[in-house]
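Novice: Input: one structure, supplied below.
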Amino acid sequence: MLKQRIITALILLPIALGGFFLLDGGDFALFIGAIVTLGAWEWARLSGLVAQSLRITYAAVVAGLLMLLHLMPDLAPWVLGASVLWWGVATWLVLTYPASSELWASAACKLLIGLLILLPAWQGLILLKHWPLGNGLIMSVMVLVWAADIGAYFSGKAFGKRKLAPQVSPGKSWEGVYGGVALSLAITAAVGVNRGWSVAELLLGLLGAALVVAVSVVGDLTESMFKRRAGLKDSSNLLPGHGGVLDRIDSLTAAIPLFAVLLWAANWGAM
């Protein structure tokens, strides 16, 4: 398993880095759209669509909606606004699972939720790419999420006692969350000092980083919740040793839209 994971990572890493940071414009939108479309195909399975034709149809619908968003950029604020509302609701659903699962038990509801997860993630990346320091912003949100994952893993291993959401993901602990947040905030503080942020800017940066990390945890738990309901361990086996696409991007699907909204609110870019 470890050998398989390493081989897959070595193949995918240069492709992912090249796509994220070397492509621009329509090529970038198409690259991210391909990833999101694969995620949609996996989400259809989590939603209960067994037939391959139905899963492909849902993925095609998502691809079509991405094209619509590309052609109508004025929809971006609405898409990201809907995302912020959704992740607030998702937090409550995770905290009250399994009782809350009856509210989204139907396939139609789960398919709609898939749109609220996938479309804003694409939209957020497109906006970040077009803003000043676009590649740096994309790297920043990824580093925040990766640091949170790494910090949570080691902190949870060493100190984890209180379960975060035992009905959803028994392995996660509050101590792990604290460790992940701490590492992400330390990195944010180091960047702020290096870039000469004022005290006010540093405090706002730390608050924003904490919010992004918190919602990334919700993103991870949300996919776990849907997988648990569907009785699945992984969203698919597209990535040998790593599960599916959604298993790799679940935290980012939540973090990216909020990151973009916070920068927008700070007048970083114009929608």
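The values are calculated or read from the model by the stated rules, or taken from the named source; none is laboratory data. Owing to the predicted nature of the structure, the values given are computational and were not obtained by experimental measurement. Reconstructed Cβ throughout: ideal geometry from the backbone, glycine too, with neighbour counts over all protein chains shown.
Novice: Please pick out the residue among A44, A105 that is surrounded by fewer than 15 Cβ atoms within 10 Å (Cβ to Cβ) and over 29 Å from A265 (Cβ atoms).
Specialist: Of A44, A105, the one residue that is surrounded by fewer than 15 Cβ atoms within 10 Å (Cβ to Cβ) and over 29 Å from A265 (Cβ atoms) is A105.
Novice: Further question on the same structure: For the stretch 166-187, which residues satisfy the criterion of being touching a residue at least 40 places away in the same chain (Cβ under 8 Å) and either closer than 14 Å to S216 by Cα or crowded, with 21+ Cβ neighbours inside 10 Å (or both)?
Specialist: Residues satisfying the conditions are V168, K172, V177, S184.
Novice: Looking at A190, A200, A147, A105, which is the one that is under 20 Å from V261 (Cβ atoms) and of a type outside the set (K, R)?
Specialist: A200
Novice: Which of the residues belonging to the stretch 208-257 are part of a loop (DSSP other than H, G, I, E, B) and either touching a Pro at 6+ places or on another chain (Cβ under 7 Å) or crowded, with 23+ Cβ neighbours inside 10 Å (or both)?
Specialist: S235, G244
Novice: Yes or no: the stretch 144-153 includes at least one residue that is buried (at least 20 other Cβ atoms within 10 Å of the Cβ), at pLDDT 90 or above and over 30 Å from G19 (Cα atoms). Spell out the reasoning first.
Specialist: Pass one, the stretch 144-153, residues buried (at least 20 other Cβ atoms within 10 Å of the Cβ): 144-145, 147-148, 151-152.
Applying the additional criterion that residues be at pLDDT 90 or above yields 144-145, 147-148, 151-152.
Within this subset, residues satisfying the condition of being over 30 Å from G19 (Cα atoms) are none.
No, the conditions are met nowhere in the stretch 144-153.
Novice: If I filter the stretch 47-64 down to residues being among the small types (G, A, S) and assigned to a helix (DSSP H, G or I), which single residue comes out as surrounded by the most Cβ atoms within 10 Å (Cβ to Cβ)?
Specialist: A59
Novice: Could you please tell me which pairs satisfy a Cβ distance under 9 Å, a separation of 6+ or placement on different chains, a first residue in the stretch 70-81 that is over 14 Å from A260 (Cα atoms), and a second residue that is small (G, A, S) and surrounded by fewer than 16 Cβ atoms within 10 Å (Cβ to Cβ)?
Specialist: H70/G26
Novice: Further question: Pull out all pairs, ordered by first then second residue, where Cβ-Cβ is under 6 Å, the residues are six or more apart or on different chains, the first lies in the stretch 125-139 and is free of Cβ contacts under 8 Å to residues at least 12 places away in the same chain, and the second is in a helix (DSSP H, G or I).
Specialist: G134/L128
Novice: Determine which member of the set A107, A82, A152, A147 is under 20 Å from L66 (Cβ atoms) and out of contact with any His (no Cβ under 6 Å at 6 or more places or on another chain).
Specialist: Among A107, A82, A152, A147, only A82 is under 20 Å from L66 (Cβ atoms) and out of contact with any His (no Cβ under 6 Å at 6 or more places or on another chain).
Novice: Taking the stretch 231-262 as the region of interest, how many residues are over 10 Å from the mean Cα position of the chain (by Cα) and of a type in the set (S, T, Y)?
Specialist: Of the residues in the stretch 231-262, 2 are over 10 Å from the mean Cα position of the chain (by Cα) and of a type in the set (S, T, Y).
Novice: Within the stretch 162-203, can you find the residues that are β-branched (V, I, T) and closer than 26 Å to N267 by Cα? Walk me through it before giving the result.
Specialist: Applying the first criterion (β-branched (V, I, T)) to the stretch 162-203 yields 168, 177, 181, 187-188, 191, 193, 199.
Those that are β-branched (V, I, T) and closer than 26 Å to N267 by Cα: V181, I187, T188, V191, V193, V199.
Novice: What number of residues within the stretch 113-134 are in a helix (DSSP H, G or I) and over 17 Å from the mean Cα position of the chain (by Cα)? Working first, answer last.
Specialist: At the first step, the residues of the stretch 113-134 found to be in a helix (DSSP H, G or I) are 113-130, 134.
Restricting the remaining residues to those that are over 17 Å from the mean Cα position of the chain (by Cα) gives 130, 134.
So the count comes out to 2.
Novice: Give me the pairs: first residue in the stretch 17-28 and over 16 Å from L68 (Cα atoms), second residue of a type outside the set (A, V, I, L, M, F, W, C) and not in a loop (DSSP other than H, G, I, E, B), beta-carbon distance under 6 Å, and six or more apart or on different chains, which are they?
Specialist: Close Cβ pairs (under 6 Å, with a partner that is of a type outside the set (A, V, I, L, M, F, W, C) and not in a loop (DSSP other than H, G, I, E, B)) amount to F21/N135.
Novice: So, one more: Of the residues V84, V36, which single one is crowded, with 19+ Cβ neighbours inside 10 Å and of a type outside the set (D, E, K, R)?
Specialist: V36
Novice: At pLDDT 95 or above and either among the acidic types (D, E) or in contact with a Gly (Cβ under 7 Å, 6 or more places away or on another chain) (or both): which single residue out of A255, A210, A214 fits that description?
Specialist: A255
Novice: Among L116, L204, which is touching a residue at least 12 places away in the same chain (Cβ under 8 Å) and within 20 Å of R248 (Cα to Cα)?
Specialist: Checking each option against the conditions leaves just L116.
Novice: Considering only the stretch 181-188, I want to know if a residue exists there that is farther than 30 Å from F21 by Cβ and modelled with pLDDT of 95 or more.
Specialist: no
Novice: Consider the stretch 188-207. How many of its residues are part of a helix (DSSP H, G or I), of a type in the set (S, T, N, Q) and surrounded by fewer than 20 Cβ atoms within 10 Å (Cβ to Cβ)?
Specialist: 1
Novice: Does I138 meet the test of being β-branched (V, I, T), surrounded by 20 or more Cβ atoms within 10 Å (Cβ to Cβ) and closer than 30 Å to V50 by Cα?
Specialist: Spelling it out, it is not the case that I138 is β-branched (V, I, T), surrounded by 20 or more Cβ atoms within 10 Å (Cβ to Cβ) and closer than 30 Å to V50 by Cα.
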